[in-house]
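Here's the structure we're looking at; comments come further down.
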């Protein structure tokens, strides 16, 4: 099997020598096309290959899910229903469809002016969450405690017409009730109408006012009864949007009133979750997802061997990096299987406002979740970033 990478700008994925080397190891051919336009992608792929030569089309990014779903439909390849992809991609549509189906969601409002934003905040109550509808990685998602913060965040979102990858944003913003509780993600596969649970991931978020992941653990430490409630909400949400194919990563928050849907991602989980699943169960999500998208039968057998946890490296303050310490000490810690610190003296950094701001991660394994967590915490504690 050969891999063709369709992109409008390959330089986005090859910014340095290390990235170029990794890219070259995975990609056989680059096809240039407007990846926000399904018709343009179909035309470009048709020019490069005959229809019978293609066996699958696939993306790992939320931003391109609707385009990939439509391309798969046009080319007669395995893929997610385009309507479902659109509903998952657009947080407004997710809220509308899930709420109509009786899935627990936060109180929300779609606002298209400063006045509407202030009125919505009054209805849902302060503090509230203000966010765009078609972003990922917690970009421009913020907890607002005052009317002034709501106004400022609304204008921040409304003033940017395109998302992180250059596609038009849905006008306006979502103003939502702030859900007090703990958050997990539910990982699953769907094929031929059958939904298979991979497991529940415990998540640790950074400090307010942002919602950046600070760590992850798989499998969850939660009681089975609590996991069952969370999975029930996630699967009901997937049913509501018509998710019928492939991997899904659904974020759910447990509140005093029960589980509430945060968002649906019709793709593999991000962060280090795929690595955690592979280390703790032997299941390679990337491989099985590619098999599914190329018409092969995936092997979703779980072979539990323990647990795995990740912690993320973050700048302690905004500024210029003066020194990076401690990564060399991690070889002395048992169970640490991955260390990735991609920051160096001279780099400009900031306290994370979204996942793009994270500076690396560590992954540790253990016989159970407690051991994996303690090992990951010990590992991240060795890494120091001096910023001035």
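The values are calculated or read from the model by the stated rules, or taken from the named source; none is laboratory data. Note that the structure is a prediction, hence the values are computed from the model and not measured. Reconstructed Cβ throughout: ideal geometry from the backbone, glycine too, with neighbour counts over all protein chains shown.
Could you say whether any residue in region 163-172 is under 20 Å from residue 351 (Cβ atoms) and at pLDDT below 95?
Checked against the condition, which is being under 20 Å from residue 351 (Cβ atoms) and at pLDDT below 95, region 163-172 yields at least one hit.
Could you list, in sequence order, the residues of region 149-169 that are surrounded by fewer than 20 Cβ atoms within 10 Å (Cβ to Cβ) and either free of Cβ contacts under 8 Å to residues at least 60 places away in the same chain or touching a strand residue (DSSP E or B) at 6+ places or on another chain (Cβ under 9 Å) (or both)?
149, 151, 152, 155, 156, 158, 159, 160, 161, 162, 168, 169
For region 32-40, check the following and say yes or no: at least one residue is over 24 Å from the mean Cα position of the chain (by Cα), part of a helix (DSSP H, G or I), closer than 30 Å to residue 179 by Cβ and not assigned by TED's automatic domain parsing to the domain that holds residue 140.
no
Could you run through region 341-375 and say how many residues are within 27 Å of residue 142 (Cα to Cα) and either free of Cβ contacts under 8 Å to residues at least 24 places away in the same chain or not in a loop (DSSP other than H, G, I, E, B) (or both)?
Of the residues in region 341-375, 10 are within 27 Å of residue 142 (Cα to Cα) and either free of Cβ contacts under 8 Å to residues at least 24 places away in the same chain or not in a loop (DSSP other than H, G, I, E, B) (or both).
Does residue 132 count as surrounded by fewer than 19 Cβ atoms within 10 Å (Cβ to Cβ), touching a strand residue (DSSP E or B) at 6+ places or on another chain (Cβ under 9 Å) and not assigned by TED's automatic domain parsing to the domain that holds residue 61?
no
Considering every residue within region 92-114, establish whether at least one is within 30 Å of residue 296 (Cα to Cα), modelled with pLDDT of 95 or more and in contact with a strand residue (DSSP E or B) (Cβ under 8 Å, 6 or more places away or on another chain).
Checking region 92-114: at least one residue is within 30 Å of residue 296 (Cα to Cα), modelled with pLDDT of 95 or more and in contact with a strand residue (DSSP E or B) (Cβ under 8 Å, 6 or more places away or on another chain).
Based on what the data block shows, is residue 333 in contact with a helix residue (DSSP H, G or I) (Cβ under 7 Å, 6 or more places away or on another chain) and surrounded by 18 or more Cβ atoms within 10 Å (Cβ to Cβ)?
Criteria not met by residue 333.
I'm trying to understand the selection: among the residues of region 1-26, which are over 23 Å from the mean Cα position of the chain (by Cα), within 22 Å of residue 340 (Cβ to Cβ) and either surrounded by 14 or more Cβ atoms within 10 Å (Cβ to Cβ) or not assigned by TED's automatic domain parsing to the domain that holds residue 70 (or both)?
20
Which one is farthest from residue 97 (Cα to Cα), of the residues in region 247-258 that are surrounded by fewer than 24 Cβ atoms within 10 Å (Cβ to Cβ) and in contact with a strand residue (DSSP E or B) (Cβ under 7 Å, 6 or more places away or on another chain)?
254
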